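The values are calculated or read from the model by the stated rules, or taken from the named source; none is laboratory data. What you see is a predicted model, and the numbers here were worked out from it, not measured in a lab. Heads up: the accessible areas ignore ligands, DNA and RNA and are worked out on the full protein's heavy atoms, side chains in. Shrake-Rupley method; radii C 1.70, N 1.55, O 1.52, S 1.80 Å.
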Amino acid sequence: MDFKDFTVLYVEDEGVIRSNVEKCLNYVFNVLVAKDGQEGLELFNNNKVDLIITDVYMPEKDGITMLSDIKEINPSVPCIVTSAYDPKLFDQSCAFESCDYISKPFDIKELLNNCLKSLEVM
(Lines give C-alpha, C1' and ligand atoms only; values in the text may rest on other atoms or scores of the structure.)
Protein backbone atom coordinates (compact mmCIF):
# COMPACT_ATOMS: atom_id res chain seq x y z
CA MET A 1 0.00 0.00 0.00
CA ASP A 2 1.32 3.43 -0.93
CA PHE A 3 0.42 5.90 1.80
CA LYS A 4 1.06 8.76 -0.66
CA ASP A 5 -2.36 7.78 -2.07
CA PHE A 6 -3.88 9.27 1.11
CA THR A 7 -4.38 13.03 1.33
CA VAL A 8 -4.11 14.58 4.79
CA LEU A 9 -5.36 18.11 5.44
CA TYR A 10 -3.23 19.66 8.18
CA VAL A 11 -4.53 22.90 9.74
CA GLU A 12 -2.30 24.81 12.18
CA ASP A 13 -1.81 28.54 12.70
CA GLU A 14 1.60 28.41 14.41
CA GLY A 15 4.15 28.62 11.59
CA VAL A 16 7.03 26.67 13.19
CA ILE A 17 4.78 23.82 14.31
CA ARG A 18 3.00 23.79 10.94
CA SER A 19 6.27 23.61 9.02
CA ASN A 20 7.84 20.89 11.17
CA VAL A 21 4.76 18.64 11.25
CA GLU A 22 4.16 19.18 7.52
CA LYS A 23 7.70 17.96 6.76
CA CYS A 24 7.14 14.79 8.80
CA LEU A 25 3.71 14.09 7.32
CA ASN A 26 5.05 14.64 3.78
CA TYR A 27 7.36 11.65 4.17
CA VAL A 28 4.31 9.42 4.45
CA PHE A 29 1.24 11.12 2.96
CA ASN A 30 0.15 13.63 0.35
CA VAL A 31 -0.36 16.73 2.54
CA LEU A 32 -2.46 19.87 2.13
CA VAL A 33 -1.66 22.63 4.62
CA ALA A 34 -3.80 25.51 5.89
CA LYS A 35 -3.02 28.27 8.38
CA ASP A 36 -6.58 28.58 9.73
CA GLY A 37 -9.99 26.94 9.64
CA GLN A 38 -11.31 29.06 6.79
CA GLU A 39 -8.42 28.09 4.53
CA GLY A 40 -8.80 24.49 5.70
CA LEU A 41 -12.48 24.44 4.76
CA GLU A 42 -11.66 25.83 1.30
CA LEU A 43 -8.97 23.17 0.76
CA PHE A 44 -11.40 20.46 1.90
CA ASN A 45 -14.06 21.71 -0.51
CA ASN A 46 -11.62 21.72 -3.44
CA ASN A 47 -9.77 18.44 -2.85
CA LYS A 48 -10.35 14.82 -1.98
CA VAL A 49 -9.28 14.63 1.68
CA ASP A 50 -8.88 11.31 3.50
CA LEU A 51 -7.97 12.66 6.95
CA ILE A 52 -8.02 16.02 8.74
CA ILE A 53 -5.57 17.03 11.46
CA THR A 54 -6.42 20.36 13.05
CA ASP A 55 -5.50 22.66 15.88
CA VAL A 56 -8.39 24.29 17.71
CA TYR A 57 -7.59 27.91 18.47
CA MET A 58 -6.90 29.75 15.21
CA PRO A 59 -7.83 33.07 13.62
CA GLU A 60 -10.57 33.41 10.98
CA LYS A 61 -12.24 30.08 11.85
CA ASP A 62 -11.32 27.79 14.74
CA GLY A 63 -10.78 24.06 14.28
CA ILE A 64 -14.02 22.94 15.96
CA THR A 65 -16.12 25.26 13.77
CA MET A 66 -14.24 24.10 10.67
CA LEU A 67 -14.84 20.45 11.59
CA SER A 68 -18.51 21.15 12.22
CA ASP A 69 -18.79 22.64 8.72
CA ILE A 70 -16.86 19.75 7.17
CA LYS A 71 -18.87 17.08 9.01
CA GLU A 72 -22.06 18.56 7.50
CA ILE A 73 -20.52 17.82 4.08
CA ASN A 74 -18.93 14.47 4.93
CA PRO A 75 -19.74 13.12 8.42
CA SER A 76 -17.47 10.09 8.06
CA VAL A 77 -14.17 11.82 7.18
CA PRO A 78 -11.75 10.93 10.00
CA CYS A 79 -10.15 13.73 11.97
CA ILE A 80 -7.57 14.29 14.67
CA VAL A 81 -7.80 17.36 16.90
CA THR A 82 -4.52 18.63 18.37
CA SER A 83 -4.58 21.08 21.27
CA ALA A 84 -3.40 21.52 24.83
CA TYR A 85 -5.59 19.19 26.90
CA ASP A 86 -8.89 20.78 27.78
CA PRO A 87 -11.79 18.53 28.91
CA LYS A 88 -14.32 20.76 27.10
CA LEU A 89 -12.38 20.53 23.81
CA PHE A 90 -11.93 16.80 24.29
CA ASP A 91 -15.70 16.39 24.69
CA GLN A 92 -16.42 18.64 21.68
CA SER A 93 -14.01 16.76 19.42
CA CYS A 94 -15.25 13.36 20.58
CA ALA A 95 -18.79 14.39 19.66
CA PHE A 96 -17.78 14.23 15.99
CA GLU A 97 -17.97 10.87 14.24
CA SER A 98 -14.53 9.34 13.50
CA CYS A 99 -12.59 11.89 15.53
CA ASP A 100 -9.56 11.50 17.80
CA TYR A 101 -7.82 13.94 20.15
CA ILE A 102 -4.09 14.36 20.80
CA SER A 103 -2.81 16.73 23.47
CA LYS A 104 -0.05 19.17 22.59
CA PRO A 105 2.83 18.88 22.74
CA PHE A 106 2.59 15.55 20.95
CA ASP A 107 5.14 13.05 19.76
CA ILE A 108 5.25 12.81 15.95
CA LYS A 109 5.24 8.99 16.19
CA GLU A 110 2.00 9.20 18.19
CA LEU A 111 0.50 11.46 15.53
CA LEU A 112 1.58 9.14 12.69
CA ASN A 113 0.21 6.08 14.53
CA ASN A 114 -3.10 7.86 15.06
CA CYS A 115 -3.17 8.82 11.36
CA LEU A 116 -2.72 5.20 10.33
CA LYS A 117 -5.35 4.07 12.84
CA SER A 118 -7.78 6.74 11.62
CA LEU A 119 -7.24 5.66 8.03
CA GLU A 120 -7.73 2.05 9.14
CA VAL A 121 -4.49 0.87 7.62
CA MET A 122 -2.85 -0.55 10.79
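How many percent of the accessible area of the chain is carbon or sulfur, using a 1.4 Å probe? That fraction is 51 percent.
Taking a probe of 1.4 angstrom, what is the accessible area of ASP62 in Å², to the nearest 10? ASP62 has an accessible surface of roughly 50 Å² with all protein chains in place. Among the listed pairs LYS61/LYS109; LYS4/LYS117; LYS61/LYS104, those whose Cα-Cα separation exceeds 24 Å are LYS61/LYS109.
Within straight-line reach of LYS35, meaning a Cα separation under 16 Å, sit the following aspartates and glutamates at least 8 residues removed in sequence or on another chain: GLU12, ASP13, GLU14, GLU22, ASP55, GLU60, ASP62. The amide H of ILE80, built 1.01 Å from its N in the peptide plane, has ILE52, ILE53, THR54, ASP100 as neighbours under 5 Å, considering only residues 5 or more places off or on other chains.
Per residue, the accessible area of the chain comes to 51 Å², computed with a 1.4 Å probe over protein heavy atoms only.
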